[in-house]
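**Student:** A single structure is presented below for examination.
Readers should treat all values here as calculations from the given coordinates under stated rules, not as data from a laboratory. Not measured: the values here are computed from a predicted model. A quick note on method: Cβ atoms are made from the backbone with ideal geometry, for glycine too, and the neighbour counts reach across all protein chains shown.
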Amino acid sequence: MEISEAREFLQSNHRGCLVTRKKDGSLQMTLVSPVLGADGEVIITARDTTYKVKNIRRNPQISLLVHGETFNGSNYIQVDGKAEVIQHPQALNIVLDWHRQIPGEPKNWQEIRDKTLAEGRIAIRVAIEKVGPQTRK
């Protein structure tokens, strides 16, 4: 699989499991809703106080499994890359773009802005380095 194919898949598939490394090196997995950012990188939102954010700050190498709407029988991809935690004020527009792609256009953007800031919700941007599954023979 090529990175361009993974980006195409990410345009319409938003169910995923993010894998980060804990302080002791063991894995930490979290359900996430990834989207494809305007720059072709993966965008995830999170509260700033979560373990995934703490883990990424310590070790930015992540893996992400993204699958279709159903669990059994869905196509899926794995993305490996380097994650970057983006704080406010830069994170706000990225989180708002995420909202446009996942839940759709809200009726009240100010309400979404206020909620984002009140929750301490920030953005995580993942530079895609490697994708799979690879062709098997």
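**Student:** Identify the residue in the stretch 61-78 that is in contact with a helix residue (DSSP H, G or I) (Cβ under 8 Å, 6 or more places away or on another chain) and aliphatic (A, V, I, L, M) and, among all such residues, is nearest to Ser26 (Cα to Cα).
**Tutor:** Ile62
**Student:** Please identify the pairs in which a residue from the stretch 36-53 that is without any contact (Cβ under 8 Å) to a residue 40 or more places away in the chain has its Cβ atom under 6 Å from the Cβ atom of a residue that is assigned to a strand (DSSP E or B), counting only partners at least 6 apart or on another chain.
**Tutor:** Close Cβ pairs satisfying both conditions: Tyr51/Gln28.
**Student:** Now for a different question. Only one of Ile62, Ile77 is closer than 23 Å to Lys23 by Cβ and in contact with a Leu (Cβ under 9 Å, 6 or more places away or on another chain); which?
**Tutor:** Of the residues listed, the single one that is closer than 23 Å to Lys23 by Cβ and in contact with a Leu (Cβ under 9 Å, 6 or more places away or on another chain) is Ile62.
Each row is one residue, and each column tells you yes or no for (1) surrounded by fewer than 17 Cβ atoms within 10 Å (Cβ to Cβ); (2) part of a strand (DSSP E or B).
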site	(1), (2)
Lys82	yes, yes
Ile94	no, no
Gly104	yes, no
Asp114	yes, no
Ile124	no, yes
Glu129	yes, yes
